[in-house]
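The structure under discussion appears below in the form of structure tokens.
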Amino acid sequence: MNILLCCSAGMSTSLLVSKMEASAKSQGIECKIWAVGSTEVNEIIGEADVLLLGPQVRYLLTQLKKAGEQKGIPVAAIDPRHYGLCNGAEVLKQAINLLNGE
């Protein structure tokens, strides 16, 4: 499973990526999780199985949902509470639920 996170510059999400990786490891889930800035996301969206947007780039949701639909990739915004608390387990759960069509 490839989980792509998008934020303003690709840096503010690095702690969340680490927390998500730790949660995945503890659950025995193999996945690649990485973050990019909003200017790069269109170039690499095809490498992801799911795309999650940080609250600071939520305004891109409609545009990126369309791009995701064309490639069969679900796109959603991360709950600001989970993002702010760096709750990697909940954001990982959101990604898995999206992939399962929930």
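Okay, here's what the table says:
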{"item": "Residue under evaluation Cys86, criteria (1) under 15 Å from Leu5 (Cβ atoms); (2) in contact with a Lys or Arg (Cβ under 9 Å, 6 or more places away or on another chain); (3) outside any loop (DSSP other than H, G, I, E, B); (4) not aliphatic (A, V, I, L, M), criterion not met", "result": "(3)"}
{"item": "Number of the condition not met by Lys66 [criteria: (1) within 18 Å of Met20 (Cα to Cα); (2) at pLDDT 95 or above]", "result": "(1)"}
{"item": "Hey, Ala22 touching a residue at least 60 places away in the same chain (Cβ under 8 Å) and more than 14 Å from the chain's Cα centre (by Cα) or not", "result": "yes"}
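The values are calculated or read from the model by the stated rules, or taken from the named source; none is laboratory data. Owing to the predicted nature of the structure, the values given are computational and were not obtained by experimental measurement. For neighbour counting, all protein chains shown are included, and Cβ atoms are generated from backbone atoms with ideal geometry for every residue, glycine included.
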